[in-house]
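Taking it in order: structure first as structure tokens, then the write-up.
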4 protein chains.
Amino acid sequence: MSAPLPYGAPITLEHARRVMAAAEAEALAQGWPMAIAIVGSGGHLVMLHALDQVQHGSVAVAQAKAETAVNFRRPSKLFEDAVAAGGLGLRILGMDNLLPLDGGLPLVVNGQVVGAIGVSGMQSTQDAQVAAAGAVALDGASAG
Amino acid sequence: MSAPLPYGAPITLEHARRVMAAAEAEALAQGWPMAIAIVGSGGHLVMLHALDQVQHGSVAVAQAKAETAVNFRRPSKLFEDAVAAGGLGLRILGMDNLLPLDGGLPLVVNGQVVGAIGVSGMQSTQDAQVAAAGAVALDGASAG
Amino acid sequence: MSAPLPYGAPITLEHARRVMAAAEAEALAQGWPMAIAIVGSGGHLVMLHALDQVQHGSVAVAQAKAETAVNFRRPSKLFEDAVAAGGLGLRILGMDNLLPLDGGLPLVVNGQVVGAIGVSGMQSTQDAQVAAAGAVALDGASAG
Amino acid sequence: MSAPLPYGAPITLEHARRVMAAAEAEALAQGWPMAIAIVGSGGHLVMLHALDQVQHGSVAVAQAKAETAVNFRRPSKLFEDAVAAGGLGLRILGMDNLLPLDGGLPLVVNGQVVGAIGVSGMQSTQDAQVAAAGAVALDGASAG
């Protein structure tokens, strides 16, 4: 395991807007009712949008995916994969501050983790597709 | 106490955007770092924006004010007033699904409660000023 | 209310050691069995020491005081004062992410809030005395 | 299973310092950003140090490993092994006061369990290596 990226200052509102706009555009283009959450580097919620007719339970799930990605500085899919592999990987189900579902991604600016995005509402691969659309919107961004 | 307004369907994303834009504009015009939360008629978070450098604690407080306003279909200030009056009013402090702080307002469309807005970050009267700026943005709105 | 200090990066371990050493020295000099907690700017625990024979309950209280001071970027005593004043101030008792007890102080480096210290175990004025001994140890510190 | 060791008085601050110094030295020598938690025989936190740039989620995980080790008076790895074995062992995932991850070890003085150490931040075998470095520092210690 290579050294993880360091934590930076929390994502700015302007950067969060950019991430949210890209994620929302992807969800709306696909016609997927989703909750999209963005947390800062400290894990505090910075922005959340719930699209019309999203299932209620997805609001908390989106937040938990984002918290997982920032608290452990890696995509939540890695934990989903560990559970899917079975055996020792199942131990992750015993953790209560980690949600092992695809759809949570760290947000990176200038090589630092400034927060994370979490998406929920459809199949987890679809959630991840929307999260990725959001995360990539910060490519080339520089710290505000 | 007159009959409270009935609950309607949850606020649409489009209406939430309108409320948020008006509240944010007021907060930014005043230079106040705030958290602004909008919940739907079921109390679930529909939209949250945290302005840069908001104090961390305000994120949860803004949500709690919005939940209070929708759960009891009245401005959270009414509960603050009850506490300030003392005596029997203090019993409100024993409730754990109610935050007796000004700054939470129901959101109404076509005579129905579609959700609520909660604001935190400054003095509670300032929080309420921003919440009101958001709530009034729905005047004349018709159900989507 | 003047503008609060901005949040900075979380306190470094080296700075936390300095704060803890000063607070511990004060507590031991006084013969006070205390719990001393230091959190970073995101509210996460960075260092906690419980002196021998501290009452169990003080461990959580010390953490809550530190969290209050960093989440609201001010000394927890301000909230204690509000409660003591009664009337409208009692509304603070309805908040569940804020502990209105003296003994929590923000920690500041270079004009930025890098975390907070919380102390519990004796009377709250004594707790505050130890917290202050810790906080002052960062005077003149520069960001690591 | 032989009779478990009896609980003793909570670990003294002096012994906790010794354990922490040894664990920290190992973590720093390896260049591993970790959270290290020590609890007393009652499960209450006695000492916690979070090294710079530890992932936020590890703070809670380190505490949970230490609590597991003291609450059940055995290394947390035994529960990880049970989960990895599958079948009946999976029932452990239904327990919410037990974290089945390697890296938590009881701390013993004079044949009595005085507390436990929990470490998190890297792979669980690395976490366990640092926990062991801490636990062994009490070899030959006598009750304060």
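Values quoted throughout were computed directly from the atomic coordinates according to the rules given, and no laboratory measurement underlies them. Quick caveat, the model's predicted, so the values are computed rather than measured. A quick note on method: Cβ atoms are made from the backbone with ideal geometry, for glycine too, and the neighbour counts reach across all protein chains shown.
Residue pairs, Cβ under 8 Å, 6 or more apart or interchain, first in region A:84-104 and facing another protein chain (nearest Cβ under 7 Å) and more than 20 Å from A:THR125 (Cβ to Cβ), second of a type in the set (Asp, Glu) and assigned to a helix (DSSP H, G or I). List them.
A:LEU88/D:GLU80; A:ARG91/D:GLU80; A:ASN97/A:GLU67
Could you check region B:73-83 and list, in sequence order, the residues that are in a helix (DSSP H, G or I) and in contact (Cβ under 8 Å) with a residue 40 or more places away in the chain?
Listed by number, the residues that qualify are B:LYS77, B:GLU80.
Kindly list the number of the only condition in (1) in contact (Cβ under 8 Å) with a residue 40 or more places away in the chain; (2) within 10 Å of another protein chain (Cβ to nearest Cβ) that fails for A:MET34.
Answer for A:MET34: the failing condition is (2).
Restricting attention to region D:84-108, which residues are surrounded by fewer than 21 Cβ atoms within 10 Å (Cβ to Cβ) and outside any helix (DSSP H, G or I)?
Residues satisfying the conditions are D:GLY86, D:MET95, D:ASP96, D:ASN97, D:LEU98, D:VAL108.
Say we look at region B:37-51 and pick out the residues that are more than 7 Å from chain A (Cβ to nearest Cβ) and not small (Gly, Ala, Ser); which of these is surrounded by the most Cβ atoms within 10 Å (Cβ to Cβ)?
B:ILE38
I'd like to verify a number: residues in region C:114-132 that are of a type in the set (A, V, I, L, M, F, W, C), crowded, with 22+ Cβ neighbours inside 10 Å and either more than 19 Å from C:PHE72 (Cβ to Cβ) or more than 9 Å from the chain's Cα centre (by Cα) (or both), how many?
Number of matching residues: 2.
Picking from A:VAL108, A:VAL70, A:VAL61, A:VAL54, which residue would you name as being within 14 Å of chain C (Cβ to nearest Cβ) and either in contact (Cβ under 8 Å) with a residue 24 or more places away in the chain or touching an Asp or Glu at 6+ places or on another chain (Cβ under 8 Å) (or both)?
It is A:VAL70.
Could you grab me the full set of residues in region B:93-141 that are among the charged types (D, E, K, R) and closer than 17 Å to B:ALA64 by Cα?
Those that are among the charged types (D, E, K, R) and closer than 17 Å to B:ALA64 by Cα: B:ASP96, B:ASP102, B:ASP127.
Could you list, in sequence order, all residues of region B:10-57 that are touching a His at 6+ places or on another chain (Cβ under 6 Å) and under 19 Å from B:ASN71 (Cβ atoms)?
Passing the criteria: B:ILE36, B:HIS44, B:MET47.
Quick one: count up the residues across region A:19-32 that are surrounded by fewer than 16 Cβ atoms within 10 Å (Cβ to Cβ) and under 17 Å from the mean Cα position of the chain (by Cα). I'd like the intermediate steps shown before the answer.
Filtering region A:19-32 down to residues surrounded by fewer than 16 Cβ atoms within 10 Å (Cβ to Cβ) leaves A:21, A:25, A:28-31.
Filter once more, so that each one left must be under 17 Å from the mean Cα position of the chain (by Cα): A:21, A:25.
Looking only at that region, the number is 2.
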